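We did not get these values from a lab; they are worked out from the coordinates using the rules stated. Because the structure is predicted, anything quoted here is derived from the model rather than measured.
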Amino acid sequence: MTHLVSFAKEVDEDKVTPGVLGFIVFAAMALAVWALMKSMSRHMNRVDFTQVPDPKAEQAETEPAATEPEAEASGQGKKQG
């Protein structure tokens, strides 16, 4: 155990660098982020953002008086009491 302690004292703290392993890990992470962004961009280009109007919503807007009695008859209207 004393051999390891003496080795640790010999290392100069000002000269410690991440080294080759740190560079490899950083480069791998950078490549992974680049690949994920490229994949996300490809998937976002495939998405169609145009909205198709809902026919039920259009029908409800044109005939609001017709849907209110149906809601009250089914028990979904405002409760009294």
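Worth a mention:
- Backbone HN-Hα couplings from phi across region 53-62 [Karplus 6.51/-1.76/1.60, Hz, Gly and Pro as x]: x, 7, x, 5, 5, 5, 5, 5, 6, 6
- Per-residue 3J(HN,Hα) values for region 23-30, derived from phi via the Karplus relation 6.51 cos²θ - 1.76 cosθ + 1.60 with θ = phi - 60°, read 5, 5, 5, 5, 5, 5, 5, 5 Hz in sequence order (x marks Gly and Pro).
- Computed extension length for Ala28-Arg42: 2.9 nm, one decimal, from 0.36 nm per residue of separation with the Cα-Cα distance subtracted.
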